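Encoded as structure tokens, the structure appears first; notes follow it.
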Amino acid sequence: MSEKIDNQSYFNHNATAKWEHPPIVVAWDFLSAENLGALLRVCDNFGVKKVYFVGDEQNYKVSKIKRNATTSFKKVDWQFVDKDSISEKLPKEVLKIAVDTTSESISINEFDFKNLPSSFCLFFGNENLGLEDEVIKNCETSIHIPMIGDSFSMNVVQSAAVVLFEATRQSIL
């Protein structure tokens, strides 16, 4: 029977795949500092190197972000930006992908992450409303998570974990 081992020891001794061009994540107008921290941790888990928080930094307690991010607080490059300057921060060649259910969204299991022509950026909307229509219109495509249960939404950090896992599974695992 197998024995539980320390995660850090396991992953330090077993090579893991790495992104050639890691995805970028944009958290659009999140309401909760705890979700910002949890998102940093999930992004770190899946090799995301850059996260932009769109919103006013004054609305969040950094201590709550740090508590939920744990060590990822210092491992992921993150910053707050305002709505008008996010487009200037993203590389010109990046494919902008809205993660939200839209009239044209593609299920993540049908979306081809592996053969994207360039790096990509995933936009996640706030906990109550998702992404604003204007943000979705400024993205090249939109994707959604298929749901088979009776609830048709999930916590934004859970959705980020699901989407980042599928992108990782298709692209580098």
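What follows is calculated from the coordinates using simple rules that are stated; it is not laboratory data. Every value quoted in this text rests on a predicted model; they were computed, and no experiment measured them. FYI the Cβ positions are ideal-geometry reconstructions off the backbone, even for glycines, and counts take in every protein chain you see.
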| Can you give the translational diffusion coefficient of the stretch 44-138 in µm²/s, computed by Stokes-Einstein from the Kirkwood radius over Cα pairs at 20 °C and 1.002 mPa s? | 141
| message | Give the separation of the Cα centroids, the stretch 144-167 to the stretch 71-86, in Å. | response | 22
| What dipole magnitude, in Debye to the nearest 20, does the stretch 19-171 give about its Cα centre under +1 on Lys/Arg Cβ and -1 on Asp/Glu Cβ? | 820
| query | Taking +1 at the Cβ of each Lys and Arg and -1 at the Cβ of each Asp and Glu, which of L95, Q79, F123 sits farthest along the dipole of the chain towards its positive end, judged by Cα position relative to the Cα centre? | reply | Q79
| On average, how much area does the Cα convex hull of the stretch 99-146 cover when viewed from any direction, in nm²? | 3.7
| message | Looking only at the chain, where both bridge partners belong to it, what percent of the DSSP beta bridges are antiparallel (to the nearest 5)? | response | 5
